[in-house]
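Structure record follows, encoded as C-alpha cells.
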Amino acid sequence: MDRRKSLKAMVAGTVTSGFMFSGCLTDSEEKPATAEIPQPDTGAGGYGRTPEELARDQELYKKTFFNDHEIATLTVLSDIIIPADDTSPSASEVKVPEFIAFIVKDMPYHQTPIRGGLMWLDHESNKRFDKIFKNASPEQQIEIIEDIAYPDDVRPELEQGARFFSRIRNLVATGYFTTKEGIDYLGYAGNVPNVWNGVPQDVLDKHQVSYDEKTLNECIKPEERNEIANWDNYELG
C-alpha cells in the first residue's frame with residue numbers, strides 16, 4: 001500500500017486538523033478547536049497571533065517533554081508513516097517530530113499515551129528482535145507497524161500498539177499536511193486570483209464586436225498584472 005496516497009485520501013475533502021485529531025481522542029479528552037504548526041518567534045510578532053498567544057507559545061517552547069531517545073524513535077516512525085517520494089520530502093524533513101513535540105506540551109493529554117506507545121514499540125521490538133525499535137532494520141520495523149496499522153485486523157495482544165499507532169499516525173498526518181510541502185502535495189491551491197485574458201477572440205468574432213483601444217489599454221494588459229494599481233490621477237468619466 002502507498003502510505004502517502006492513503007493518507008492523502010484521508011485528508012482530501014475534509015478539514016485536516018479537526019478530522020485528524022478527533023479520530024484519536026477518547027471520550028474523556030478535550031477536543032481541540034484547531035491544530036497549529038508551531039511557529040518559532042522571529043521577533044516580528046507572528047501573523048495573526050495575539051500577544052497572549054505568543055507569550056504562551058514561548059512558554060511552551062521553553063519546556064521539554066520528550067527525551068532524545070523518544071525524539072529519535074518518533075523520527076523513525078514519522079518517516080515510516082510518510083516517507084519521502086520523488087517530489088515531496090519525508091515527515092521528518094518538514095519537522096513533523098518537532099510538531100508533535102510541541103503538540104504534546106500544548107495538549108498534555110497526548111503525553112502519557114504517546115510515551116507509553118513509544119515504550120510499547122521498544123518492548124515489542126526487543127521481544128521480537130532483541131533490539132529497540134529505532135535500531136531494528138527497516139524490514140523489522142515495518143513488520144511491527146504492519147501488525148498494528150490496521151485496527152480491524154489487529155490481534156488482541158497488539159491492541160495497545162494499534163491504539164498508539166492510530167494516534168501517532170493522525171498526528172503525523174496533521175503535522176505533515178499543514179506544512180507548505182504537505183499542502184503542495186495535496187494540490188490545494190487555496191484562494192488564488194483568476195487570470196482574465198478578456199473575451200476570447202472567436203467569441204468576439206462570433207458576435208461581431210471588438211474591444212476599443214481604451215479598454216485594451218486599461219483593462220487587458222497581461223504584462224502589468226503584477227503591478228499595484230495607482231489611482232492617484234484617476235478621474236470619473
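The values are calculated or read from the model by the stated rules, or taken from the named source; none is laboratory data. For clarity, every value in this text was computed on a predicted model and none was experimentally measured. We place every Cβ from the backbone using ideal geometry, glycine too, and count neighbours over all the protein chains shown. The area values use the complete protein model at the heavy-atom level, side chains included, leaving out ligands, DNA and RNA. Shrake-Rupley method; radii C 1.70, N 1.55, O 1.52, S 1.80 Å.
Results, tabulated for the structure shown:
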{"read-out": "Condition met for I220 (touching a Leu at 6+ places or on another chain (Cβ under 7 Å), among the aliphatic types (A, V, I, L, M) and either surrounded by 12 or more Cβ atoms within 10 Å (Cβ to Cβ) or over 30 Å from L74 (Cβ atoms) (or both))", "value": "no"}
{"read-out": "Tally of residues being assigned to a helix (DSSP H, G or I) and without any contact (Cβ under 8 Å) to a residue 24 or more places away in the chain across the stretch 181-190", "value": "1"}
{"read-out": "Search result, residues across the stretch 154-190 that are among the acidic types (D, E) and more than 22 Å from L121 (Cα to Cα)", "value": "E181, D184"}
{"read-out": "Which listed residue is modelled with pLDDT under 85 and within 29 Å of F102 (Cβ to Cβ), from N191, N197", "value": "N191"}
{"read-out": "Qualifying positions in the stretch 53-69 - out of contact with any Lys or Arg (no Cβ under 7 Å at 6 or more places or on another chain) and either of a type in the set (A, V, I, L, M) or surrounded by 12 or more Cβ atoms within 10 Å (Cβ to Cβ) (or both)", "value": "E53, L54, A55, R56, D57, Y61, F66, H69"}
{"read-out": "First in the stretch 159-175 and in contact (Cβ under 8 Å) with a residue 60 or more places away in the chain, second anywhere and of a type in the set (S, T, Y) and assigned to a helix (DSSP H, G or I), Cβ under 7 Å, 6 or more apart", "value": "V172/S78; T174/T16; T174/S17"}
{"read-out": "Any hit, the stretch 154-172, residues being over 23 Å from N67 (Cβ atoms), of a type in the set (A, V, I, L, M) and assigned to a loop (DSSP other than H, G, I, E, B)", "value": "yes"}
{"read-out": "Filter pass, D147 being under 30 Å from F102 (Cβ atoms), of a type in the set (D, E) and touching a residue at least 24 places away in the same chain (Cβ under 8 Å)", "value": "no"}
{"read-out": "Residue within the stretch 164-184 that is open to solvent by 60 Å² or more (accessible area, probe 1.4 Å), of a type outside the set (V, I, T) and over 30 Å from K95 (Cα atoms) present", "value": "no"}
{"read-out": "Residue list for the stretch 111-137, filter: surrounded by fewer than 20 Cβ atoms within 10 Å (Cβ to Cβ), part of a helix (DSSP H, G or I) and free of Cβ contacts under 8 Å to residues at least 24 places away in the same chain", "value": "T112, M119, H123, N126, K127, R128, F129, N135"}
{"read-out": "Some residue of the stretch 185-201 being out of contact with any Pro (no Cβ under 7 Å at 6 or more places or on another chain) and under 24 Å from L74 (Cα atoms)", "value": "yes"}
{"read-out": "Selection count, the stretch 82-110, where residues are free of Cβ contacts under 8 Å to residues at least 40 places away in the same chain, open to solvent by less than 20 Å² (accessible area, probe 1.4 Å) and assigned to a loop (DSSP other than H, G, I, E, B)", "value": "1"}
